[in-house]
Amino acid sequence: MALLMDTRLLLRKVKDLRCLTPRRNRVKEKWAVTRTKHPPTSLALQHFDATHSVQLGPLWPSVRAALLSEKKYGALLNNFSYDVVLADLEAQGCRDFLRDADTEVSAAQPFLEQESEVVGDEESSGVSISKKSGIDGQQLSPLHLSPHIKCLVFPRGDITRFKPARPDMCGLLGYYLMDAASLLPCLALDVQEGHNVLDLCAAPGGKTLALLQTQSIGYLCVNDASVSRTLRLRKVLNSYVPKPLLADEKLRITSFDGTIWGDIERNTFDRVLIDVPCTTDRHSLMEDDNNIFSKSRTGERRKLPQLQLELLMAGIEATCPSGEILYSTCTLSQIQNQSVVEQAIVLARENHGIQLQVVDLRPLTHMFRKTFHFAPDLHLGEMVIPHLAANFGPIYMCKLRRLT
């Protein structure tokens, strides 16, 4: 008891020392300086409430709650690592969602064939779109999953976190943690043996690493306009890929302006992945740092749709005839998603004489409908929307095939 009284007396004396501090040296927290009146995360939420609520309708409240909650991750296994981590992850309750998809394909195929019909062209925009089947009477193209890609996730509703990966005897990490939905654009790209592939906006490197895991690529060009982000990309690849492979002539890392790639290498690549810069909805709601909704970046945010269009056009020009392009974002915004693709299809035809076909991605959504929550009734492309039980995404993707 005496000790408690002494402690209280000591604390009282410490507080009383403030009166001995000269007034000019006393500092009072100034909220106008230390606290932002309208932080970027708050501005982002206001913007999404105004736009996404109209676009998603009754789905928005649940999507909003998921976006404001901790997201789920997937563990992309690194085939270049000597560590055998698959058994350890499975012992923790994880499952490889790509292997689980095998049983879903057979169940979905009769449904897909039954609904297969041609919707036709949209005369008003000149955009050739078919959500029910291939265009011009073509059937749904089968999706070939690489047997080398493995990505483990915890079951629906399980919010267990993955432990950080540890390096093996060569210093390579056993798995890469990423939003598992970010793997879907790489799967939809359907890279085949010997393909020349361009990853136009590659940093931070998760999708590039996934493409390398296929072990099918003949030549891979990895680009990002930002030098600092390219350095981050190199750091990721150095942590997962053996040095001899990084030094191979079949892999090239560049930092060019992606919007002029059509002038650099035209009609060159079999597959082009264009994961464009966007409002990055989840990050914009959770982090004030480097937030696109900061008032200082208002002009940059407003120019995003134009930048996305220019990047997509450059990717289309870089693709060879009969090649395929995969456009993707991590936003729910229709202006940055479907609208950009529609404009690109029209501009490619009118300005460059390039005919494009929209590839139906419904086989992909049926394969993985037990793992991800997909937006219903999109007129163009497919989108993973966040859901509290499966809190991945958002990821939008649309696949185009170049006909001429």
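How much of the accessible area of the range 44-402, probe 1.4 Å, is carbon plus sulfur, in whole percent?
Heavy-atom surface of the range 44-402 belonging to carbon and sulfur, 1.4 Å probe: 52 percent.
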* To do: Skip the ligands, DNA and RNA, and give the accessible area per residue of the range 186-308 with a 1.4 Å probe, whole Å².
  => 45 Å²
* Asked: Could you give the Stokes-Einstein D for the range 44-402 in µm² per second, using the C-alpha Kirkwood radius, 10 °C, 1.306 mPa s?
  -> 76 µm²/s
* **Cα pair distances in the range 287-372, grouped into 10 Å bins until the bin that holds the longest one, percent each** => 14, 38, 29, 17, 1
* Structure fact -> Taking R0 as 22 Å and r as the Cβ-Cβ distance between residue 290 and residue 42, the FRET efficiency 1/(1 + (r/R0)^6), rounded to the nearest 0.05, comes to 0.85
* Structure fact -> Quick calc: nm separation of the 7 Å Cα→Cβ label points for residue 243 and residue 263 -> 3.8 nm
* Structure fact -> In whole Hz, the Karplus estimates of ³J(HN,Hα) for the range 162-176 (6.51, -1.76, 1.60; θ = phi - 60°; x where Gly or Pro) are 6, 6, x, 5, 10, x, 8, 5, 9, x, 8, 7, x, 7, 10
* Structure fact -> Of the listed links 163/243; 243/370; 207/243; 37/72; 303/370; 37/207, those spanning more than 29 angstrom between alpha carbons are 243/370; 37/72; 303/370; 37/207
* Contact order normalised by residue count of the range 44-402, Cα under 8 Å, 6+ apart, percent -> 22 percent
* **For the range 257-336 versus the range 362-404, the gap between their alpha-carbon centres in whole angstrom** => 18 Å
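How long are the semi-axes of the equivalent ellipsoid of the range 252-336, taking √(5λ) for every eigenvalue λ of the Cα gyration tensor, in whole Å from largest down?
Ellipsoid half-lengths, sorted descending, are 28, 13, 11 Å.
The values are calculated or read from the model by the stated rules, or taken from the named source; none is laboratory data. What you see is a predicted model, and the numbers here were worked out from it, not measured in a lab. No Cβ is skipped: glycine too gets one built from the backbone with ideal geometry, and neighbour counts run over all protein chains shown. Areas reflect the complete protein model, heavy atoms only, side chains present, ligands, DNA and RNA absent. Shrake-Rupley method; radii C 1.70, N 1.55, O 1.52, S 1.80 Å.
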